[in-house]
Amino acid sequence: MQALSGWDIYKAGNYRYGPSIMRNHDGSLDIWFAAAGSSFQNDETVSGYTALYDASSDHTAILINKINIAAQKFTTTKPFFSIDVNAPTWSRNGLDSITITLYKWDTSYAKTLEGTPVSTFRYTALCDNQWVELRSNNNASTTNSELFPAGSYLWTLSKGSAYAGAWFCSKAAYGITQTSFQNGSIVSGCFQSSIFYNSHLLGYGNYWDQISYQHSTNNGKTWTTEKMVLKPTYGTEDQLSCCDPAVAKWGNYYYIGYTSTKNTGGIDNNVYVARSKSPSGPWEKWNGSGWGGPSIAPAVKFTGNHSSWGAGEPSILIKDKMVYFYYSWDDGGVTTRLSMAPADSANWPALLKSYGTVINKTSIYGADHCDIKYCDSLKLFIAVHTASRMSANSKIYVWYSSNGRYFVNAGILQGPLQSYLHNCGISGDEEGHMDITKPQFISYAYGSSWGAWNTYFNPLQFAKNGIPVSIQKVTVTNNTVYPIYDLNGRMVGTSANTKNLQSGIYITNKKKVLIP
């Protein structure tokens, strides 16, 4: 498998990442991405807060220590419980600090800061994209009887550590009058902040991610207008995010796996599943015993240290009438696990049985989730993931397995990949099988500015005889002898005695080799 030159299919405003790519029987392509989130503000079932910013507008992460102080003037006509500001830390968790302060507005920015703060609190051990909230009495207030009075205010973020920041959007929400400042100067745009009027809505007025969908009939050259097809459900376990989509179709349904959490720090994630008879929804979410209804339950519940990232980033395929349900499990180490269930059961998430870790990427710097497909002609499961993610040295690793439960690292995907890439996905058919006689693709997000990522689309090349182009014959030079491993990781010989091995694909010195 080798990547060929490709093209952008999304140009940053915000981001599209973690693609799930389906090649349909008619040759068309469906693709699902994690897309930037929005607000529950327009949901008639939710009330009690005001988002000051336009969630659909372009947004940029700004380091507080570079601008000294981020600030925003706002006015509310009724008492409120808290002001909440979204603070990125560039994928760092537990290492950064920031101070949020609220002042009663007094004539001008400078005069306001000369006054006594209404409330202040310093957050330490920030999680990435944590909602930094400020309540009355320096965050001691916990009930609706302890509110800030109506009026005009100025909040500030200051004393930011190395990677403490604030999200800045290009537009305010419709009908909102506000003024944003960077180090005392008025700037055009709006910080990502919300006013909460009730304590029970704390931190939940906005969601981070949702899932988008597009369709192509010309091998990804052009795509239909994007639709946001799966969003969090307010008041449930997935109300903060729907991201990292994985889609497969069998029987009468498309099934989509995704990541979410109830933790506003973005940690302690679980894996969720929904189903639909259409690739664009509407989706019925798994409720623990069936599909749909007001309740939502994880298909895979994280049981590790709740301060860890947790479980998520699924990949789904069907083989031998079984659901192979892969997912990340990050509990101090970066791994991929496998659970399986009978595909002919309508309620298969209830029957998932864990087979533990199948890929351990802990020793690979900057590794992220695996997307996994099955190649029938090679009789191999093929897994890909990025490493040194979001850096100039980013790359994609390829792993192989003959049974889907024991994978061997086969080295780096060759070809013209973009720098600063992360969260890749490879194409397969409705059941997650890769037919290498037909066009197949790999896609990923990339870009050096956090959150403002383009999305790239590379065709993949295979040899006509069905063997990946990068596979080579074993040779022995200068009397150097290499150990040879099968695709389950067992040493089966050396390059000096290949004649004793059956024909097939093996791994030696982290290279794929063909023994004829």
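Charge tally for LYS321 (other residues, Cβ to Cβ under 13 Å; Lys, Arg +1; Asp, Glu -1): -2.
If we sort 429-439, 123-133 on the protection proxy, mean other Cβ atoms within 10 Å, highest first, what's the order?
The densest-packed peptide leads the list: 123-133, 429-439.
Counting only the Cα atoms, the stretch 248-310 fills a convex hull of 100 Å³ per residue. A protection proxy built from the mean count of other Cβ atoms within 10 Å ranks the segments 271-279, 392-400, most packed first, as 271-279, 392-400. Other residues lying with their Cβ under 14 Å from the Cβ of SER427 contribute a combined charge of -2, Lys and Arg counting +1, Asp and Glu -1.
Ratio of Rg to Rh for the stretch 49-201: 0.93 [Cα atoms; Kirkwood radius as inverse mean 1/r over pairs]. Dividing the C-alpha radius of gyration of the stretch 106-179 by 2.2 N^0.38 Å, with N its residue count, gives 1.27. Our helix-only sum for the chain, with -39,500 (n - 2.57) per DSSP H run of n ≥ 4 divided by its residues, gives a mean residue ellipticity at 222 nm of -500 deg cm²/dmol.
Here are some pairs, LYS277/LYS321; LYS73/LYS285; LYS227/LYS262; which of them have Cα atoms lying more than 29 Å apart in this structure? Don't skip to the end; give the middle numbers.
Values: LYS277/LYS321 20 Å; LYS73/LYS285 40 Å; LYS227/LYS262 25 Å.
Flagged as over cut-off: LYS73/LYS285.
Report the local net charge at PHE74: Lys and Arg +1, Asp and Glu -1, summed over other residues whose C-beta lies under 14 Å from its C-beta. Summing Lys/Arg as +1 and Asp/Glu as -1 gives +2. Protection proxy ranking of 222-228, 80-86, by the mean of other Cβ atoms within 10 Å over each peptide's residues and highest first, is 80-86, 222-228.
Per residue, the convex hull spanned by the Cα atoms of the chain measures out at 150 cubic angstrom.
Each reported figure results from applying straightforward, stated rules to the coordinates on display, with no laboratory input. Since the model is a prediction, treat every value here as computed from it, not as a measurement. No Cβ is skipped: glycine too gets one built from the backbone with ideal geometry, and neighbour counts run over all protein chains shown.
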